[in-house]
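One structure is given here, and the rest of the page talks about it.
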Amino acid sequence: NAIGVAFDLFEAEAKFDGFEDYRRETSFLYKNRKEFRKRIKSGLIEARKILGNLKNQFIIGYCFGGATLLETARSGEEMTGFVSFHGGLKTPDGQDYSETSGSILILHGSVDPVSGMDDVMNLVKELNDFEIQHEVHIYGGVRHSFTIKGSRDYSENAEKKSWVALLNYLKQNSKI
């Protein structure tokens, strides 16, 4: 059995009437890493109040959520694992994975225009440099939002394969 909690990193008064509003809010957090981490930490504190002190804790994110979980990994937050679906993979200047506690699973499209294969390779190098256990699944010919039904990037095949990869990862990495 698994329990999940979702949390919102945006201010309560944030208005999202379109893509530009979303971009404004995510850009603010990308430019203000201290605030980004503060909001992540607040969300995790609230989630742990609900969930209690669980033996297995994974953080899973899609798109901006994928970038968020990598920010969480770099912050040293104690987790069993981190899973990114088509997330932003770049490491900001001055950050690294030296404090990362759990393993990382990356599920990514090979022609993702947001975070391309150079970003994947740089991330893999960093994870190797810091001896972080990781897996990377690349879906050939697949773009950014491959799990979003109705988007121009949706790939039913990649969505199904990535879900199976997630379930296998959770099973293999759960501490029982």
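Answer yes if at least one residue in the range 132-142 is farther than 23 Å from F7 by Cβ, touching a Ser or Thr at 6+ places or on another chain (Cβ under 6 Å), open to solvent by 80 Å² or more (accessible area, probe 1.4 Å) and modelled with pLDDT of 95 or more, and no otherwise.
So far as the range 132-142 goes, yes, one or more of its residues are farther than 23 Å from F7 by Cβ, touching a Ser or Thr at 6+ places or on another chain (Cβ under 6 Å), open to solvent by 80 Å² or more (accessible area, probe 1.4 Å) and modelled with pLDDT of 95 or more.
Please go through the range 11-33 and give me each residue that is within 27 Å of R143 (Cβ to Cβ), open to solvent by 70 Å² or more (accessible area, probe 1.4 Å) and not in a helix (DSSP H, G or I), ordered by number.
F16, D17
Output the residues belonging to the range 88-101 that are surrounded by fewer than 20 Cβ atoms within 10 Å (Cβ to Cβ), within 14 Å of the chain's Cα centre (by Cα) and not polar (S, T, N, Q).
Listed by number, the list holds a single entry, K90.
Can you tell me which residue in the range 77-87 is surrounded by the fewest Cβ atoms within 10 Å (Cβ to Cβ), limited to those that are more than 19 Å from S155 (Cβ to Cβ) and in contact (Cβ under 8 Å) with a residue 40 or more places away in the chain?
Across the range 77-87, the extreme among qualifying residues is T80.
Among the listed residues F146, F36, which satisfies the condition of being touching a residue at least 24 places away in the same chain (Cβ under 8 Å) and either farther than 17 Å from W163 by Cβ or open to solvent by 30 Å² or more (accessible area, probe 1.4 Å) (or both)?
None of the others qualify; the one that does is F36.
Residues are listed down the side, and each one gets a yes or a no for (1) assigned to a loop (DSSP other than H, G, I, E, B); (2) of a type in the set (G, A, S):
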position	(1), (2)
D93	yes, no
S98	yes, yes
I104	no, no
S115	yes, yes
N122	no, no
G141	yes, yes
F146	yes, no
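Residues in the range 49-58 that are assigned to a helix (DSSP H, G or I) and under 19 Å from N173 (Cβ atoms): how many?
So the answer is 1.
Being open to solvent by 60 Å² or more (accessible area, probe 1.4 Å), in contact (Cβ under 8 Å) with a residue 24 or more places away in the chain and outside any helix (DSSP H, G or I): is that true of K41 here?
no
Within the range 149-171, can you find the residues that are under 30 Å from K55 (Cβ atoms), open to solvent by less than 60 Å² (accessible area, probe 1.4 Å) and not small (G, A, S)?
E159, L166, Y169, L170
L107 fails exactly one of the following numbered conditions: (1) open to solvent by less than 20 Å² (accessible area, probe 1.4 Å); (2) over 18 Å from S145 (Cα atoms); (3) not β-branched (V, I, T). What is the number of that condition?
For L107, the exception is condition (2).
Determine whether the range 47-57 contains at least one residue that is crowded, with 22+ Cβ neighbours inside 10 Å and closer than 21 Å to A165 by Cα.
no
The values are calculated or read from the model by the stated rules, or taken from the named source; none is laboratory data. Predicted model, so just to flag it, every value in this text is computed and none were measured. Methodologically, a virtual Cβ is constructed for each residue, glycine included, from the backbone with ideal geometry; neighbour enumeration extends over all protein chains shown. To get the accessible areas, we keep the full protein, side chains included, count just its heavy atoms, and leave off ligands, DNA and RNA. Shrake-Rupley method; radii C 1.70, N 1.55, O 1.52, S 1.80 Å.
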